[in-house]
1. Please tell me if residue 153 is assigned to a loop (DSSP other than H, G, I, E, B) and within 11 Å of the ligand (Cβ to nearest atom).
2. All but one of (1) part of a loop (DSSP other than H, G, I, E, B); (2) away from the ligand (no atom under 16 Å from the Cβ); (3) crowded, with 17+ Cβ neighbours inside 10 Å hold for residue 177, so report the exception by its number.
3. Looking at (1) within 16 Å of the ligand (Cβ to nearest atom); (2) within 23 Å of residue 103 (Cβ to Cβ); (3) surrounded by fewer than 20 Cβ atoms within 10 Å (Cβ to Cβ), which is the only condition residue 357 fails?
4. Would you mind stating whether residue 252 is outside any loop (DSSP other than H, G, I, E, B), in contact with a helix residue (DSSP H, G or I) (Cβ under 9 Å, 6 or more places away or on another chain) and farther than 25 Å from residue 397 by Cα?
5. Would you mind finding the one in 240, 250 that is out of contact with any strand residue (DSSP E or B) (no Cβ under 6 Å at 6 or more places or on another chain), more than 29 Å from residue 129 (Cα to Cα) and loosely packed, with under 13 Cβ neighbours inside 10 Å?
6. Being at pLDDT below 95 and either assigned to a helix (DSSP H, G or I) or within 29 Å of residue 81 (Cα to Cα) (or both) is true for just one of 287, 257, 196. Which residue is that?
7. Only residues that are buried (at least 22 other Cβ atoms within 10 Å of the Cβ) and at negative phi: list them for region 181-200, please.
8. It is to be established whether one or more residues within region 158-165 are more than 11 Å from the ligand (Cβ to nearest atom), part of a strand (DSSP E or B), more than 14 Å from the chain's Cα centre (by Cα) and crowded, with 24+ Cβ neighbours inside 10 Å.
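The values are calculated or read from the model by the stated rules, or taken from the named source; none is laboratory data. Small disclaimer: the values here were computed from a predicted structure and weren't measured. No Cβ is skipped: glycine too gets one built from the backbone with ideal geometry, and neighbour counts run over all protein chains shown.
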Ligand SMILES: *Cc1c(COP(=O)(O)O)cnc(C)c1O
C-alpha cells in the first residue's frame with residue numbers, strides 16, 4: 001500500500017532524545033531567533049502547539065465573550081471549540097473554488113458591528129490573496145491573524161518581490177506538529193511585530209513548567225505509529241479501518257487519541273533541537289515536494305482538478321489536494337484495492353460552516369465533499385509515482 005503520508009524520521013532525532021542540552025533556554029531562544037530571521041519578523045515565541053499559539057494570540061488581543069471572529073469555512077474543526085470556549089462567535093467565510101482559500105470578497109459580507117478579528121488560513125501551503133485582506137482588515141480596524149500551520153516557507157508575491165507567509169497579519173501562528181513542515185513532534189509558534197502583544201504573551205507563558213517527558217513520550221508514540229504505517233500490515237489495516245462503514249468513527253477516534261498525547265506546558269530544548277535542522281532544510285523540502293506534486297498532477301486522470309497552489313506566490317507543501325467529479329468514498333474504496341491510500345472528507349479538513357450551522361458556504365460544501373488528498377511525500381521514487389498514477393487511473397475507471 002502506498003500510504004497517504006510519511007513522517008520523515010531521522011536517526012539524529014533519536015540522538016537528540018538521548019543527549020543533554022548544555023543551555024536549554026539558550027537553545028530555545030536560538031531557535032526562536034532563527035525563525036524570526038527566516039520570516040523577517042520581530043518576535044517569535046515557541047509554545048505548546050499551533051492551537052496553543054492561536055489561543056494565546058486571542059487572549060493577548062483581549063478577545064472574548066460576544067466578540068465575533070471571521071474564520072475560514074474550510075479548516076480544522078478543532079479550532080472552533082478553542083474559540084468558542086472563550087465566548088467568541090465564529091462566523092465562517094467561504095473559500096475560492098480553485099485555491100480553497102478565503103478571499104477579501106468572501107470575508108466582506110461577514111463583517112458586522114460585532115466583528116473583532118479575522119482569521120485566515122493559507123490552505124495546504126498555498127498562500128492566499130493576502131494583500132486585499134490586509135487592506136480590508138486595516139480599513140475596518142480589525143486585527144488579522146494568519147494560520148500558517150500548513151504554510152511554513154510559502155511566499156506571497158508582492159509586486160516584484162516575495163514576502164514570507166506569516167509576515168502579513170497582526171500576528172500569525174505556525175504548528176510544529178509531527179505532520180507539519182517544521183516538525184518538533186508537537187509545538188507551535190506565535191509571530192508578531194507588535195511589542196506589546198509579544199510582551200503579554202511572554203508573560204502568559206512565563207510560569208509554565210518545562211517538562212521533557214511528555215514530549216519524549218509523544219516522540220516515541222509518533223515513531224511507533226510511523227513504523228506501523230511503513231510496515232506491510234498497513235495495507236490490510238487501512239483497508240479495514242477506512243472501509244466506508246468504519247472510516248468516520250475511526251477518524252474521530254484517531255483524532256481523540258492524538259488529543260490525548262498533546263503536550264501541555266512550555267516548549268522544550270528537545271523540540272528546539274528537533275526543529276532547527278528542519279528549518280534549515282525547509283526551502284529544499286518545499287521545492288522537492290512541490291516538484292513531486294507537479295509531476296503527479298501532470299499524470300492524473302484528465303477530469304481531476306488539483307488545487308491551484310501558486311496563484312498568489314510560491315507555495316509551501318502540506319497536502320496534495322485534488323477535486324474529482326464523482327463519489328470520493330467509492331473512489332477511495334477502489335483505490336485501496338489497487339494499493340493506494342487516499343484521504344477524504346474530515347480526514348483532510350472540515351466543513352466548519354456546516355458544523356457551525358451555516359448553509360451559505362456552497363463552495364466549502366462542494367470542496368469538502370469532492371476532494372482527495374493524494375500521497376505525495378519525501379522519498380517517494382519514480383516507480384512509486386508510476387504505481388500511484390496507474391492505480392488511480394484504474395480505480396477511477398472502475399467507479400465512475
Ligand atoms: C495543524 C493545524 C493547526 C494547529 O495544529 P496543532 O496540532 O495545534 O499544532 C491549526 N490549523 C490548521 C488548519 C492545522 O492543520
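1. no
2. Going through (1) part of a loop (DSSP other than H, G, I, E, B); (2) away from the ligand (no atom under 16 Å from the Cβ); (3) crowded, with 17+ Cβ neighbours inside 10 Å one by one, residue 177 breaks only (2).
3. Unmet for residue 357, out of (1) within 16 Å of the ligand (Cβ to nearest atom); (2) within 23 Å of residue 103 (Cβ to Cβ); (3) surrounded by fewer than 20 Cβ atoms within 10 Å (Cβ to Cβ): (1).
4. Against the criterion (outside any loop (DSSP other than H, G, I, E, B), in contact with a helix residue (DSSP H, G or I) (Cβ under 9 Å, 6 or more places away or on another chain) and farther than 25 Å from residue 397 by Cα), residue 252 qualifies.
5. Exactly one residue qualifies, and that residue is 240.
6. The conditions single out 257.
7. Selection gives 181, 182, 183, 184, 188, 189, 190, 191, 192.
8. Within region 158-165, none of the residues are more than 11 Å from the ligand (Cβ to nearest atom), part of a strand (DSSP E or B), more than 14 Å from the chain's Cα centre (by Cα) and crowded, with 24+ Cβ neighbours inside 10 Å.
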